[in-house]
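Here, each number is a calculation from the coordinates, and none is a lab measurement. As the structure is a prediction and not an experimental result, all values here were calculated from the model. When we count neighbours, we look across all protein chains shown, and the Cβ atoms used for this are built from the backbone with ideal geometry, even at glycine.
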Amino acid sequence: MPRTSQPILPESQLINSCQTEIDRHSWQTVRNQIIELYEQRLQDYFQNRGLSLDEISKKRLKRLSENEILTLSLCFLTRIIELHQQGQDTEETIRQLCQDETELLERGYPKPTIAKNHHPLYINLVRDAISAEPSRSTIATHQLVLNQQNSWLIAVPNKDTGELEEISIHYVQMYLKYDTPFYVNLRRSTTANNNIKQEHPQPVRLDPYLETVRQLLNSNSYTELATAIAAASGRRFTEIVKGSFSLPPNSAYPYEYLFEGQLKKKNQAPAYLPYSIVPASQLLEAIARFRSLPKIQPLLSATSTKINQSINPAVKYQVEKHFQHPGIVRVLKRERGVTVQNLRGIYGEIATHFFCPHRASFHRFLSLRLGHLIGDEAVASPNSPSTEHYFHYYLVDEEGKQIDSMGVLLDKSGSEELSSGENPQPQTTTGAVGERVTNDPRTIVHTRASTKERFNHFRGKDMTENDTLITLMNKAEKAEVLEQELKNARALISSVEAQLDSSIPESYVKLDSSSIAGDNPESTPSPNSNSSFSTSGEPHSIVENNTNDAVLLLVRSMSQLTNKLELFLDRQIIETPPSSADPDNLPPSEPKEPVDQHNSVADTIALLNRAIDTIMAHNDRALTKADKWYIGINPLKDIINSQVTISRVVKRRKAEINAHHQKHHLDRYHNGNFHREQGYTDFFDFD
């Protein structure tokens, strides 16, 4: 039973929106409408599909939306307040209301879900309304006053003094819950599941993991960026979208950043210094770019619920695609897939490897860096029990040997830059059974002095300025890399050509680009040769297995690639940024390029067929219905903007698509119900 001074509630904006709907119609009308929808969905699942309650829960099928559950709880509160105003809020009346509400929820939800999620919401709303001062209640006009009729007195020990104190408890807090043995068993079950995960920790390949995070940080896809930022910082999505990030002045380490906006705190948490597993300047640049994307802009003022609904489904796919399927991260025991929550736990392991001082408490280090303990509570409170749910992974090197070293980056000076060439000799220890374990202090995280200096002006700022400068810096750094690759390619070509000039016999015919089969329509290869080349008008044929010919082909291919690289580099250099550095005048980050830029109808048709095949293959592999996608003309417009071509392709494959939909129980409302604002290109790469 919670005894905190401030009950944890949904955002006041969401509460007020639902309450306005209740006030406009009446709590009876709104409640009946929600229950009718609720029963229709359950009838479809139980009778039409033949699913059990356990199967519905595992498949995470929609029964009540978060808004509907909140509205039901507010209807319940309004009914309690009415009874109170009429003097009818007796113990028996309240007990019956609580029993009826619990039975309603149990039609579609298992008891553990109700105990963890639904009952606490109802109780916290009632606690919030218990106030003699309107200003203290979220719903100012709806108040409850405790009296002998609607509450009872209990004696509880004072948390500071230990002396018994009498407090009044509303009957809703007594009857809107299960009995004590149920909660004991529930805690044991939760603890048992966590113990199983801790007893069977899964390995994480450190180098590929960090490399994947770095690659995704450079993406322009909001789903890939969100995945990378969460992995690099250990932050939740609402914290990423709405939190305050800055570089601390005079920081000793390039990986520290200042963060304010920690979630799941009873009171507003102060700012504190977490670590990033990539240089903090790179993390902050990625967050600024993420917030500037068109898909994210509307979420900057949204509620946590809206943010999670908009980002979570697409990120789930990206996590599986980039971390689970390549085998970088394995699925934990009793879980169905790798999730972004798992990446938060992996962040803790890597942060410990990089930054936890030797002999320091691993548990306490994570409690502080994950934000479970902040400010005064970090001094006076014991280690957070929540942190134990992050001890499920361990790091391994490319040979599969466990990495158990800690604080490997703390020895680096704050001004000393890490580069890929710095690979200190690994230290080794011998395990209990003689197994060689690598204490490898190396890291593939890179920082550049130039990047660090350029981002010094961000210190102490809220990252809403200088977007133009960020764009220019990204272009300049990309151009610098491309120029170096171009020089290397030219040098290699010159070296190979010089060797060829001194090694090719004069009897061989000099090839030009027109002698490659397929480029010259008048050239026909010999039927008795497997060679890709032929010579016209000369008595000598090139020997099939001559290595010099293979090198010549390589040189030609490299030349073509070099030309393409030069063309791409020219396009990057001649792009002109906006004249104003005002972020308001800066155009939003380029959305993912449409994949319909092809030169012919044939290419477009091939793309559509490839997209349909990809989606079908994904649906066949998907574990839950929520992960699947309906294939239709309107959704396919996310790929190309040509309804005529889409209709033609869909019509040709109509029977196949219909059979696929029937097999997976998909209808035209499916994408709207399960994927909402996401489209195909948020999840799939059809190129």
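Annotation for segment 1-69 versus segment 603-636: alpha-carbon center distance of 31 Å. Here segment 1-103 is treated as a sphere whose radius is the Kirkwood value from Cα pairs; by Stokes-Einstein at 4 °C and 1.567 mPa s it diffuses with a coefficient of 82 µm²/s. For segment 601-683, a Kirkwood hydrodynamic radius built from all Cα pairs, placed in the Stokes-Einstein relation at 37 °C and 0.692 mPa s, yields a translational diffusion coefficient of 254 µm²/s. Here the spin labels are modelled as points 7 Å beyond Cα on the Cα-Cβ line, and at SER189 and VAL601 they lie 5.9 nm apart.
Take the Cα of GLN268, go 7 Å toward its beta carbon, and the backbone nitrogen atoms of segment 217-255 under 19 Å from that spot belong to 238-246.
In order along segment 395-401, phi translates into HN-Hα couplings of 8, 10, 8, 5, 8, x, 8 Hz, rounded to whole numbers, per the Karplus curve 6.51 cos²θ - 1.76 cosθ + 1.60 with θ = phi - 60° and x for Gly and Pro.
In sequence order, segment 212-225 has phi-based couplings of 5, 4, 4, 5, 5, 5, 8, 6, 9, 7, 5, 6, 5, 5 Hz under the Karplus curve 6.51 cos²θ - 1.76 cosθ + 1.60, θ = phi - 60°, and Gly or Pro positions carry x. Compute the FRET efficiency between VAL481 and HIS325 as 1/(1 + (r/R0)^6), taking r as their Cβ-Cβ distance and R0 = 25 Å, and round to the nearest 0.05. Once rounded, the FRET efficiency stands at 0.35. When you count the other C-beta atoms within 10 angstrom of each residue and take the mean per peptide, 302-315, 87-100 line up highest first as 302-315, 87-100. With a Förster radius of 30 Å applied to the C-beta separation of PHE182 and HIS664, the computed FRET efficiency comes to 0.25. Beyond 27 Å in Cα-Cα separation lie the following of the pairs LYS116/LYS333; LYS111/LYS321; LYS58/LYS116; LYS177/LYS316: LYS111/LYS321; LYS177/LYS316. With a simple spin-label model that places each label point 7 Å from the Cα along the Cα-to-Cβ direction, the separation between GLU165 and ASN312 comes to 3.5 nm.
Couplings 3J(HN,Hα) of segment 227-238, computed from phi: 4, 5, 5, 4, 5, 7, 10, x, 8, 7, 5, 5 Hz, in residue order, whole Hz [Karplus 6.51 cos²θ - 1.76 cosθ + 1.60, θ = phi - 60°; x for Gly and Pro].
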